[in-house]
Amino acid sequence: MTIDTRIFRITDNNFGGVIKETSQIIQEGGTVAFPTETVYGLGADALNPDAVLKIFEAKGRPADNPLIVHVADRKQCTELAQDIPEMASRLMDAFWPGPLTLILKCKTIIPDITTGGLDTVGLRMPDDRIALELIRCAGTPIAAPSANRSGYPSPTNAEHVVHDLEGRIDAVIDGGNVNIGVESTVVDMTANVPVILRPGNISAEDIKRCIGAVQIGYTDRRMSGDERVRSPGMKYTHYSPKADVILVEGELSEVADAITALIADHYGKGMHVGLLVSNEVARIVSADATFLLGKGQDPSQAARSIFMGLRHLDNENMDLIIVDGSIKNEGVGTAVFNRLRKAADRIIKI
Ligand code: AMP
Ligand code: MG
């Protein structure tokens, strides 16, 4: 597969022109990667099965893993979903546009390939000017999973997308680094009590405050192939760089001690060791390369950095990446730990 991938960098005065050209590519059944507030998405017309097939091919994504459909307004949402429960409307009022995907019963207008053959669809209204204008101008909902090769860390800037997908997609809109850095919270609204299938920047507490109750339906473990899952995506490897990843969880000083011991051990084996650590731990330990996660007490900084850090250390050809798990596990920290635990080949709990 070699397509000439066009790269559109947004500047102060070309916004309208870029949106016009890229929305045309969507209308013609092509693929366009674009920024959202969470991560970059790889978009195609959600109602055009041939276009959606191109997303699966470009990413190497398993066909039974459904795509999130992005909308620009509530009217589009009612065209795609049926029996929208009152609780879902309340969540939309509270959090849309924003990093919240709602699983709803779908209408037949959505092709099977988009939903992975399910009778439900994941809908989200992104909180990003480029994403919203692209959808509006294309005049159709846009199916968009993260714009990375399947299994690899999600992209948080256009360089990551180009690294993974150049020659495999029609266009990339470069809107700089994303704000949040981890993918949307996914909530299944088809059960009596809604179920969180993936943690994100909107926390369980935020959702409870809005609708009273919510269940946790995800695990942070890598799942084995034959386990029953509520969301097809849970079965697959996620967020994994080429290097081995060890996550060390515990209090700051013990984590720093354990990382020091791990570095010595792996240096003894002649391995190149990279660190993905908080500013505080970085003051105590050092190795061949270090990528900072920001202040350990502010998990939103880690959220913005984890995927970029895993990719950076992979590009530096580290054999092993040691990750600092002393970051605060609250709010978006829950999503940070979910991604890191899935990325890890080994987790050490102190
Ligand atoms: P990605 O687009 O790569 O961020 O992944 C989207 C996630 O949402 C995957 O884990 C999907 O399995 C999940 N998802 C999308 N649509 C549905 C659906 N209708 N039912 C359950 N999970 C879904
Ligand atoms: Mg993804």
Listed by range, helices (runs of 4 or more DSSP H) wholly within region 252-350 having at least 1 residues that are under 21 Å from E205 (Cβ atoms) are 299-315, 333-343
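Does V193 satisfy the criteria of being surrounded by fewer than 22 Cβ atoms within 10 Å (Cβ to Cβ), modelled with pLDDT of 95 or more and part of a loop (DSSP other than H, G, I, E, B)? First the steps, then the outcome.
Numbers: surrounded by fewer than 22 Cβ atoms within 10 Å (Cβ to Cβ): yes; modelled with pLDDT of 95 or more: yes; part of a loop (DSSP other than H, G, I, E, B): yes.
Yes, satisfied.
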Criterion violated by R168 - all others in (1) over 24 Å from L123 (Cβ atoms); (2) within 16 Å of ligand 2 (Cβ to nearest atom); (3) within 19 Å of the chain's Cα centre (by Cα) satisfied: (3)
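Out of everything in region 224-251 that is outside any loop (DSSP other than H, G, I, E, B) and more than 25 Å from D298 (Cβ to Cβ), what residue ends up being nearest to ligand 1 (Cβ to nearest atom)? Break it down into steps so the answer makes sense when it comes.
Going residue by residue through region 224-251, those that are outside any loop (DSSP other than H, G, I, E, B) are 232-235, 244-249.
If we keep only those that are more than 25 Å from D298 (Cβ to Cβ) too, we end up with 232-235, 244.
Details: P232: 4, G233: 2, M234: 6, K235: 9, D244: 23 Å.
Looking at residues that are outside any loop (DSSP other than H, G, I, E, B) and more than 25 Å from D298 (Cβ to Cβ), I get G233.
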Within region 63-114, take every residue that is within 16 Å of ligand 2 (Cβ to nearest atom) and farther than 19 Å from P35 by Cβ and give me the one that is surrounded by the most Cβ atoms within 10 Å (Cβ to Cβ). T114
Answer yes if at least one residue in region 105-124 is within 22 Å of N201 (Cα to Cα) and hydroxyl-bearing (S, T, Y), and no otherwise. no
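Test of understanding: among E21, E28, which residue is loosely packed, with under 13 Cβ neighbours inside 10 Å, over 17 Å from L165 (Cα atoms) and at pLDDT 95 or above? Step through it out loud before you land on a result.
Details: E21 fails: loosely packed, with under 13 Cβ neighbours inside 10 Å.
After applying the criteria, what remains is E28.
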Hits in region 165-190 (condition: of a type in the set (G, A, S) and assigned to a strand (DSSP E or B)): A171
Step by step: first the residues of region 115-164, then only those that are in a helix (DSSP H, G or I) and within 15 Å of ligand 1 (Cβ to nearest atom), then the one that is farthest from K235 (Cα to Cα). Which residue is that? A131
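If you go through region 75-90, how many residues are touching a strand residue (DSSP E or B) at 6+ places or on another chain (Cβ under 9 Å) and over 18 Å from G217 (Cα atoms)?
Applying the first criterion (touching a strand residue (DSSP E or B) at 6+ places or on another chain (Cβ under 9 Å)) to region 75-90 yields 76-77, 80-85, 88.
Filter once more, keeping what is over 18 Å from G217 (Cα atoms): 76-77, 80-85.
Qualifying residue count, region 75-90: 8.
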Note on region 131-165: residues over 22 Å from D50 (Cα atoms) and either within 16 Å of ligand 2 (Cβ to nearest atom) or hydrophobic (A, V, I, L, M, F, W, C) (or both) are L132, G151, Y152, P153, S154, P155, T156, N157, A158, H160, V162, H163
Considering residues of region 129-151 that are modelled with pLDDT of 95 or more and touching a Ser or Thr at 6+ places or on another chain (Cβ under 6 Å) only, the residue surrounded by the fewest Cβ atoms within 10 Å (Cβ to Cβ): C137
Hey, can you tell me all the residues within region 204-249 that are more than 26 Å from E86 (Cα to Cα) and of a type in the set (K, R)? R221, R222, R228, K235, K242
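The values are calculated or read from the model by the stated rules, or taken from the named source; none is laboratory data. Bear in mind that the values here come from a model prediction, so they are computed numbers and not experimental data. Every residue, glycine as well, gets a Cβ built from its backbone with ideal geometry; the counts of neighbours run over all protein chains shown.
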